[in-house]
1. How charged is the neighbourhood of B:N165? Take every other residue with its Cβ under 13 Å from the Cβ of B:N165, and add Lys/Arg as +1 and Asp/Glu as -1.
2. Could you please state, rounded to a whole Å, how far the C-alpha centre of the range A:25-63 is from the C-alpha centre of the range B:283-297?
3. Take B:L521 and A:D37, extend 7 Å from each Cα along the Cα→Cβ direction, and tell me the distance between the two endpoints in nm.
4. Hey, quick one: spin label on B:T350, modelled 7 Å out along Cα-Cβ, who in the range B:497-525 has an amide N within reach, i.e. under 18 Å?
5. Rounding to the nearest 20 debye, state how big the charge dipole of the range B:41-185 is about its Cα centre with +1 on each Lys and Arg Cβ and -1 on each Asp and Glu Cβ.
6. If r is the Cβ-Cβ distance from B:L334 to B:F306 and R0 is 22 Å, what FRET efficiency results, to the nearest 0.05?
7. Compute the acute angle (0 to 90°) between the alpha-carbon long axis of helix B:330-339 and the principal axis of greatest extent of the alpha-carbon atoms of chain B; round to the nearest 10°.
8. Could you tell me which residue out of B:I248, B:A219, B:V293 lies farthest along the dipole of the range B:213-311 toward its positive end? Charges go on the beta carbon: Lys and Arg +1, Asp and Glu -1, centred on the Cα centre.
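The values are calculated or read from the model by the stated rules, or taken from the named source; none is laboratory data. Fair warning: this is a prediction, and the values are worked out from it, not measured in the lab. Cβ coordinates were reconstructed from backbone atoms using ideal geometry, including for glycine residues, and neighbour counts include every protein chain displayed. To get the accessible areas, we keep the full protein, side chains included, count just its heavy atoms, and leave off ligands, DNA and RNA. Shrake-Rupley method; radii C 1.70, N 1.55, O 1.52, S 1.80 Å.
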Amino acid sequence: MTATDSYQTPDGRTIGPNVMEMRNISLRFAGVKAIQDISFDIHEGEIRAIIGPNGAGKSSMLNVINGFYHPQEGEILYKGEVRKPMKPYEIAYQGIARTFQNIALFKGMSTLDNIMTGRLTHMKTGMLEQIIWSGRAEREEVENRAFVEHIIDFLEIQTIRKTPVGRLPYGLQKRVELGRALAAEPSLLLLDEPMAGMNVEEKEDMSRFILDVNDEFGTTIALIEHDMGVVMDIADRVVVMDYGKKIGDGTPSEVRNNQDVIDAYLGVSHD
Amino acid sequence: MAASKSEKSTFASIPELVAFNALNIPNSPAYREKEYGIWQSWSWSEAAEEIDSLALGFLTLGVAKGDYIAIIGRNRPHFYWSMIAAQSVGAIPVPVYQDAVAEELVYVLDHCGAKFVLAENQEQVDKVLEIKQGLKALEHIIFLDNRGMRKYDRANLHDFKDLQNKGRDSEKKFTKTLASRRKAIKSSDVCVMLYTSGTTGRPKGVILSNHNIIKTSEASSSFDKLNANDNVLAYLPMAWVGDFIFSIGQACWTGFCVSCPENTETMQQDLKEIGPTYFFAPPRYFEGLLTNVMIRMEDASAVKQFLFSYFMDHAQKIGGNLLDGHSVSVIDKLKYAIGQLFIYGPLRNTLGLSNVRVGYTAGEAIGPEIFDFYRSIGINLKQLYGQTEASVYITQQPDGQVRSDTVGIASPGVELKISDSGEVFYRSPGTFVEYFKNPKSTKETKDAEGWVATGDAGFIEAETGHLRIIDRAKDVGKMEDGHLFAPKYVENKLKFFPNVLECVVFGAGRKFCTAFINIDLNAVGNWAERNNIAYSSYQELAGHKNVYEMIKDHINETNESLADDDMLSGCQIHRFVILHKELDADDGELTRTRKVRRRVIEDKFHDLINALYDGSSEVYTETEVTYEDGTKGAISATLAIADVTPVVQKGKAA
């Protein structure tokens, strides 16, 4: 499969051409090599997973995609163009949204308000207009609220609409964070360990939401995950990293049978 | 323009009532549902249009007269429209309990031979698809929420809204058929079929005619003066006869508005927002609500606690009298008014019961303290007695004659009689037609003159004419020494303690009575927290020796009150065990309406019963449990058995 091809998934979805391409990315923090010469691509409409043991460089990779880290070597092509170093908010305007490994919500604010902040990139009225509450500002608020309510309905969190998120259990906070990312109507959604610290039931729920987001809105999703089982079930293609290097790339079944991957996960005997 | 009441009485069907409302009160709200955070509302004329377009949609699918259409989902306006649309084309709606597991569902759908199923969402559709093999009659599935169903084969699967649109598009073609089908509905035709949860054996399909529903709605609406300005919150299962009478029968008869909650969990919040004027809830609901109030009061500041207890004491004294219209001194009235301002009013508002004009509870006995609590703060809570076979109403309490120990006088149009064996019989315009495909059961329940056996033992108080129910007739038995054994009577007494969620008493043909106890995790958990008792699971808490001590105290109190009763003094509990799991409908131990299934429990826990009677002090047991997704597992435990010394009856002491 060449980098720009569309392809069919086993369950019958058609995946579009690639939207993002990493070319020979290397990232160093002083002397530490976090990422070494990694290339891979993300296609439109697919669920792309990045997995690897602790310290493999997964989060760094996500931060590179996100534009938070600027790699010393290599280039990133987004929608066919080479991306220049950008500020995080500029990335957000490009249609990339993310969630965080250690939930980064506004704890004192309600679920509704937290998700509303995700609409920020879609608000055109300025502060002055908001203060005098001009017709345009009100209209915009109503439209955004309606959009957010659809997300609340989608994620089935109506019961906690008005609850301050600091009071919610961990699993629900993760769901609210997903809601905030969705509110930005991203074309590329980055999820940093969406199932970390969840129990089996919460993992099942989250997996279903990820699949539904991909299915309903056609959102391209790139996710980092620890839990191999979950990744193999929901991802279309998987990149495996170990010590900052790419050791495998392909469909879940290809990756599962890759000897390097098995070695990295299960260890090898040195005799 | 408005047709007179007498004219309304001649209507033969629900669709006629809807048409009447659409003509006479077109702009009054008929249905509301909270969606996307706001209350969406449909007026009677809009509801009539929704029903029409769906009825036309049904015709495009080829729904024939007499077809059965099953409905599976939570309370939503769309489902109420579906039932009326089904009736409009001569089909019979069959609402089904939405939490039914596949096995129960397959029995019901197969038994009625449903050709069409309306399912709420992917979860329900999956459930039906899973059992499709066994359902030969099933032709089409219609769903409301298309979420996650993109990849499903749409050949026999239809979106509710698409079906309505299809109906609108083919209006020209089918409008005459629809009109003629509607006109052909007779008063004696089937209005709805409801499966009773069945405390024993398989569920039975109760057939209720248009006559049953309309006459019952008329009589009960006038009994409580229900009118178009009332409103209700529809949150009880649609498969239950009460919901059908309230949200369709009475709603269409009087034209009042039915509101549906956003989802099951938001019910309490939605109740507060809607503030219904007419409200029904099972005793369990009122118990739970009161427990919550008490738990939260314990965490309140000292001043608040003082105000609460001071004014609640006053309310206990005169609140009920005020509600019943008895005379009360001016000083007391004044004090009550102050209490109203600071405590009763805000409390009613928090409970979402501010506007309740008529409130009912039924299904089980309600604890006198609980009942009085609600009445004392000015909520007109009453009791009724009814069953599916009667289109709900057998007896109910009129305003001014409300007591916690009776179920009221015969409802308008209902005749009552007590058989020699003590069983209650009734005959009324609401009396069901028959059990579907079950002439044997029909014959056993309803005699040639139309008298129906309730299966409950009771008596009518001579002075007041109020009916009092003792127990299920078949459960009432004799103990070995000939004493009367009425398990439910004892169980109800025990269940009035907030710590006891459920209990089952045994003793028929035995020397003495014993009991299974289920603790209420909410109440006992809170008590444990306050008393520094650590526990890691329900099972551990249930087996804790302090919990045993507490339950023992409750049983002693119950025994004392039983000892005072000449008839039931033999029912004192001698030994008990606290169960390691909650009795659950998924395990078949309770019905879907949460009534105890005695035979199932006796069978399943026979080892525990043996231990209760053979004198052992503990017993090891393994129990199969069913999880929500249908998978099975087993839990095992060693349970302690405690002895209680029975109270010697007064006057009989040696």
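1. On the way: positive: B:K161, B:K166, B:R168; negative: B:E49, B:E50, B:D52, B:D159, B:D162, B:D169, B:E171.
Within the 13 Å Cβ shell, the charges total -4.
2. 54
3. Label at B:L521, label at A:D37, 5.6 nm between them.
4. Once the point is set 7 Å along Cα→Cβ of B:T350, B:523 turn out to lie under 18 Å by backbone N, inside the range B:497-525.
5. On the way: 20 positive and 20 negative charges, 128 e Å.
Result for the range B:41-185 is approximately 620 debye, rounded to the nearest 20.
6. Numbers: r = 19 Å, r/R0 = 0.88.
Approximately 0.70, to the nearest 0.05.
7. Roughly 70 degrees between the two axes.
8. The residue sitting farthest along the positive end of the dipole is B:A219.
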